[in-house]
Amino acid sequence: MKTLTLLSAATALLLLNGCSTTDVAPPAQYGTIGDKVWNDANANGQQDAGEAPIAGVKVVLYDGAGSLKLDSTTTSSAGAYLYDKLIAGNYKLRFVAPAGMVSTLTGTGSGLTNSDADKLGWTRTVTIDVSKNLTDTLHVNTALDAGFRPQTSYAKDVNPILVANCAFCHSETSGAAFAARVKHVNNYANAKGIGAAILDRVSRAQGAAGMMPRNGTRLSEDKIAVIRRWVEDGLGE
Ligand code: HEC
């Protein structure tokens, strides 16, 4: 929209100066990259119904190699951003994760509702070709989006699972003899220390040797996914 306004203003100026529109080449057209950032609560890399936009997220524009910073903007209250004055060329974006949040790229980003930001917030390199029709994504690409979810925390997300399913054996109250053999996973420092082992044990198949909870029922996939994310997010408190 802005581009169209600009073009007509430039044309008007040319006409005021006594030029006819056929005297000069049309002003350069611009390409567009946009346009949204949202809270990907279920971490599936897609914007599902009810997942809210995130305002104030920094979206930095780089050259195609991702080495030269060209511009920076932040998302609106609708989680929207737009770079609409781009000359032809290659570009890359970096979405800066809001405090306490991590990117949810699933590795399949491309569609309109898919997240395109990798773990560090980088998109792939996209080309803008202003010779293309305005309906061509090479000219107007509004499908460069980023989903972020709250970073998984021990206290909020993992502790309730471990207390409910593991503390019976792995806690200070599970008996001295037992406590000597198994770590107390109901406190952060201990759980963090064996985070990878916890993920390994709960991921094993039902009935497999060493599967946890020992002699019990394997945790639900949702709960295992929470523990996996906690490990991937860096075992935060
Ligand atoms: C019925 C008691 C019991 C329950 C419930 C239980 N465990 Fe265990 N756990 C044990 C025993 C006994 C061992 C030591 C034997 C072994 O390593 O398999 C152990 C060992 C472990 C180890 C290896 C410790 C290490 O330092 O490498 C991990 C990790 C573990 N459990 C995690 C869990 C998690 C997570 C849960 C809950 C989802 C859980 N356990 C539930 C009894 C239990």
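Local charge for Arg204 was computed over the other residues whose Cβ lies under 15 Å away, with Lys and Arg +1 and Asp and Glu -1, and equals +3.
Of the chymotrypsin sites (Phe, Trp or Tyr not before Pro) found in region 134-237, those that fall in a DSSP loop while having at most 16 other beta-carbon atoms within 10 Å are Phe168.
For region 154-232, the relative contact order works out to 25 percent when only alpha carbon pairs closer than 8 Å and six or more residues apart are counted.
Above 17 Å, the calculated P(r) of region 154-232 contains 40 percent of its Cα-Cα pairs.
Working from Cα pairs under 8 Å separated by at least six residues, relative contact order for region 29-150 is 34 percent. Each residue of region 214-223 was assigned a 3J(HN,Hα) from its phi angle through the Karplus curve 6.51 cos²θ - 1.76 cosθ + 1.60 (θ = phi - 60°); the sequence is 4, 6, x, 9, 3, 4, 5, 4, 4, 5 Hz, with glycine and proline shown as x. Normalising the average separation of contacting C-alpha pairs (under 8 angstrom, six or more residues apart) by the number of residues puts the relative contact order of region 27-75 at 28 percent. Per the Debye calculation on region 29-150 with a single equal scatterer at every Cα and no solvent contribution, log₁₀ I(q)/I(0) for q = 0.10, 0.12, 0.13, 0.22 Å⁻¹ amounts to -0.26, -0.38, -0.44, -1.24. Taking Lys and Arg as +1 and Asp and Glu as -1, the other residues whose beta-carbon sits under 14 Å from that of Arg94 total 0. Here the Karplus relation 6.51 cos²θ - 1.76 cosθ + 1.60, evaluated at θ = phi - 60°, turns the backbone of region 65-82 into coupling constants of 7, x, 9, 10, 7, 9, 6, 8, 8, 10, 6, 6, 5, 8, x, 9, 9, 8 Hz, with x for every Gly and Pro. Summing Lys and Arg as +1 and Asp and Glu as -1 over all other residues whose Cβ lies under 9 Å from the Cβ of Asp63 gives a net charge of +2.
We did not get these values from a lab; they are worked out from the coordinates using the rules stated. What you see is a predicted model, and the numbers here were worked out from it, not measured in a lab. All Cβ positions, glycine included, derive from the backbone under ideal geometry; neighbour counts span all protein chains shown.
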